[in-house]
Amino acid sequence: MDNKKIGATIAPLRNNKNMTQADLGERIGVSFQAVSKWERGETLPDVSILPSLADVLDTTIDYILRRGEPNFSFKGKIKVSDMIDGINHLKKAGELLGAENIIYRYAIDGINKGMNTDIEPAFSDDFIFEAFVAEAIIQNLMLGMYVDVTDVTKSFKHEHFRNIVLEYLKKYSII
């Protein structure tokens, strides 16, 4: 844990409540000097005080300790090749069922409506295809999955989409 970052989380929470260090200390049973030391990153609040501190600041202990950064626990690993295969299977479904088959049409129309776009051009344009692959990866990252950075860097032909996915890997603390 980084004392300074935790202190930098406590101070604005306290300020947002229009409380002085003395006000906060009084509410949770510590001195204003203790609050000051936390906010300067010299010490951390005792674990026994954290529940009261979180309550008074209208936040969670997790928020205070993680410096406001989300906690991601990964549910599993995905592969770029699986995302590519998934989109290719949509194309194959259209070929096998027929582009006007109601099952295929509803699947495609649902994707188009949900994403406010048209997926079918991706079946014949590799730039658009990679946009959907990147989106599939990002959606999985948002659901708690992770992907190996090497897999991303070697699998994308277009630097633009590779960089977008890499930015999301940073956002979700994968790299």
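Quick rundown of the values:
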| read-out | value |
| --- | --- |
| So LEU90, is it farther than 30 Å from PRO12 by Cα, touching a residue at least 12 places away in the same chain (Cβ under 8 Å) and in a helix (DSSP H, G or I) | yes |
| Criterion (under 23 Å from PHE161 (Cβ atoms), in contact with a Phe, Trp or Tyr (Cβ under 6 Å, 6 or more places away or on another chain) and in the same structural domain as HIS160 (by TED's automatic domain parsing)) met by exactly one of ALA122, ALA93 | ALA122 |
| Residue that is within 30 Å of TYR168 (Cα to Cα), in contact with a helix residue (DSSP H, G or I) (Cβ under 8 Å, 6 or more places away or on another chain) and basic (Lys, Arg), where the choices are ARG40, ARG67, ARG14 | ARG67 |
| Residue in segment 20-30 that is at pLDDT below 95 and among the basic types (Lys, Arg) present | no |
| Single condition GLY68 does not satisfy, out of (1) at pLDDT below 95; (2) part of a helix (DSSP H, G or I) | (2) |
| Candidates THR20, THR59, filtered to the one that is over 28 Å from the mean Cα position of the chain (by Cα) and hydroxyl-bearing (Ser, Thr, Tyr) | THR20 |
| Pairs where the first residue, in segment 139-163, is over 14 Å from ILE174 (Cβ atoms) and the second is aliphatic (A, V, I, L, M), C-beta under 6 Å, 6+ apart | SER155/VAL80; PHE161/ALA134 |
| Residue within segment 64-71 that is in contact with a Leu (Cβ under 7 Å, 6 or more places away or on another chain) and either in contact (Cβ under 8 Å) with a residue 12 or more places away in the chain or β-branched (Val, Ile, Thr) (or both) present | yes |
| Flag if SER52 is in the same structural domain as GLY144 (by TED's automatic domain parsing) and assigned to a helix (DSSP H, G or I) | no |
| Options VAL47, VAL35: the member that is farther than 12 Å from LEU65 by Cα and not hydroxyl-bearing (Ser, Thr, Tyr) | VAL35 |
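The values are calculated or read from the model by the stated rules, or taken from the named source; none is laboratory data. All of these numbers come straight from a predicted model, not from anything done at the bench. All Cβ positions, even for glycine, are placed from backbone atoms using ideal geometry, and neighbour counts span all protein chains on display.
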